[in-house]
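For reference, the structure discussed in these notes is given below.
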Amino acid sequence: MFASLSAFESEALRLSLLVSLASLTLTVPAGMAVGYLLARGRFPGKWMLEAVVNLPLVLPPVVTGLVLLLVFGVNGPVGSVLRDTFGLTLAFSWMGAALAAAVMAFPLVVRPIRLAIESIDQGLEQAASTLGAPPWSVFAHITLPLALPGLIAGVLLGFARAFGEFGATVTFAGSIPGETQTLPVAIYTSLQRAQGEPAAVRLAILSIVVSILALVASEWLNRHVTRGRSAG
Amino acid sequence: MTIEFKLRVSRNDFEVEVACATDARVIALEGASGAGKTTILQGLAGLIPVAEARLVIDGRVVVDTAAGVSPPAHQRGIGFVFQDLRLFPHLTVAANIGFGARFVKSPISVDAALDLVDLNGFGTRWPRSLSGGEARRVAIARALCANPRILFLDEPLTGLDPARRDALTPYLRRLRDETHLPILLVSHDPRDMADLADVRIEVG
């Protein structure tokens, strides 16, 4: 089946992978920072940060896309600055699709990371500091490895959410073949055509295969990083 | 060898204060549970906020908040063996013991530390697979490996049944006699410390 992918299909697959992986480069570092802040930080307005992070979970995706369009669109406050200083236009480009996917996936990346950091015994970090480890080393050698299962879960959820993103993507980035027409968008587009159903089913199977591969990869990684820890 | 320390911690409804200057090398802090013995160790080690802390070993100031000397925990060189051990679950025994080696100037080798607590061959084991007594010896070896200026032992014999307690006591004695490190140890049971400590201080 993969050998016989049409140009339309392989283009949608390539684009979906590009967009979801690009979105991870935004969500994972930011998710680590925000997850750590929410798990450990004590500051006024924490509940507001939490609410903003979780907003894309409760908003209709189309509304999120519209907000992105208003803010990052060519005439939006951020979009116009990006265009004038960097010559960068996010709306209706693959980078815009990645941004939309990142925003939608962000709460799902933050949550498992936050939970993992919350569950770490801070006594272990204290022990590391009494052994001479400065704060950054404590984070790198203790906090991060112990939070790794949560980080992996965040990466998987973030990838899956970004890979399946439709509403915000279509609203902010449109459905341009080869530029923003990701797998979900291509499935929808196919269904709009007469006799488009078989094409949509083929694309759907492709999505399922990628999703299962992602699940298997994360499961394998998770086992790999927790080896020894849970052994009796 | 002279050791001088002083600590004052006060939180809402809890206050502990202790001061001592001695030429003994092994000092035991005794007192009932809840008297604040562990708080004293944590305060001197820089793990909790304190009102005042001072620790001077042979004239070398480790911490003296009154004089504005208050380095962070990782710069104090205090080897802390916690009551709950706190072995790193994601690292092997050897990696646990060697953890501090990369941060300090002249670490003790992992093999030497394993040897001191009679755990040769345990390097590749995981903390989860150790018995209570073995885990305690690993925690001691880990603290030693970072070549500390002083060793803090928080209830080193608590929670062990009499047989395990008898098995661990020789290692503590060996620690005392072979490392020549000053030791500040805490116990709620005076019997534990009778034959280990040079001097005993009542807390609370």
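Taken together, the values in this text are just the output of simple stated rules run on the coordinates, not laboratory data. For clarity, every value in this text was computed on a predicted model and none was experimentally measured. With ideal geometry, Cβ positions are generated from the backbone for all residues, glycine too; neighbour counts draw on all protein chains shown.
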Any trypsin sites (Lys or Arg not before Pro) in segment B:86-134 that lie in a DSSP loop and have at most 15 other Cβ atoms within 10 Å would be B:105
Charge tally for neighbours of residue A:19 with beta carbon under 13 Å away, counting Lys, Arg as +1 and Asp, Glu as -1, is -1
Dividing the mean separation of Cα pairs under 8 Å (6+ apart) by the residue count of chain A yields a relative contact order in percent of 28
Rg/Rh over Cα atoms for segment A:165-232, Kirkwood Rh, comes to 1.24
The lysines whose Cα lies under 22 Å from the Cα of residue B:6, excluding any fewer than 8 residues away in the same chain, are B:37
Check: C-alpha center segment A:110-185 vs C-alpha center segment A:47-76, spacing in Å is 20
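Over segment A:97-139, consider all pairs of different Cα atoms and compute the Kirkwood hydrodynamic radius from their mean reciprocal separation; express it in Å, one decimal.
For segment A:97-139, inverting the mean 1/r across all distinct Cα pairs yields 12.5 Å.
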Calculated from DSSP helices alone, with each H run of at least 4 adding -39500 (n - 2.57) and the total divided by the residues of chain B, [θ]222 nm to the nearest 500 comes to -8000 deg cm²/dmol
Quick calc, segment A:7-225, dipole around Cα centre from Cβ unit charges on Lys, Arg (+) and Asp, Glu (-), nearest 20 debye, gives 180
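Obtain the radius of gyration and the Kirkwood radius of the protein assembly as shown from its C-alpha atoms and give Rg over Rh.
With Rg and the Kirkwood Rh in hand, the quotient comes to 1.14.
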Treating only Lys and Arg (+1) and Asp and Glu (-1) as charged, each at its beta carbon, one finds that the protein assembly as shown has a dipole about its Cα centre, in Debye to the nearest 20, of 600
For segment B:120-185, one quarter of the surface area of the C-alpha convex hull, expressed in nm², comes to 4.8
Note to self: C-alpha centroids of segment B:1-55 and segment B:58-73 sit apart, in Å, by 14
Per-residue average of other protein chain Cβ atoms inside 10 Å, peptide B:76-87 -> 3
D (µm²/s, integer) via Stokes-Einstein for segment B:1-152, Kirkwood Rh across alpha-carbon pairs, 37 °C, 0.692 mPa s: value 199
With label points set 7 Å from each Cα along the Cα-to-Cβ direction at residue B:51 and residue B:105, the distance between them in nm comes to 3.6
A convex hull over the alpha carbons of chain A yields, per residue, a volume in Å³ of 164
Dipole check, segment A:7-225, charges on Cβ (K,R +1; D,E -1), about Cα centroid: among A:209, A:123, A:74 the Cα furthest to the positive pole belongs to A:123
Note: residue A:5 to residue A:47 extended length (0.36 nm per residue) minus current alpha-carbon separation gives 10.4 nm
In whole Å, largest first, the alpha carbons of segment B:95-152 cover along the principal axes 31, 22, 17
Toy charge model, Lys and Arg Cβ at +1, Asp and Glu Cβ at -1: chain B dipole around Cα centroid in debye, rounded to 20, equals 640
With Rh as the Kirkwood radius over Cα pairs, segment A:1-96 has Rg/Rh of 1.08
Sequence order, segment A:149-154: Karplus ³J(HN,Hα) from phi using 6.51 cos²θ - 1.76 cosθ + 1.60, θ = phi - 60°, Hz rounded, Gly and Pro as x, gives x, x, 5, 5, 4, x
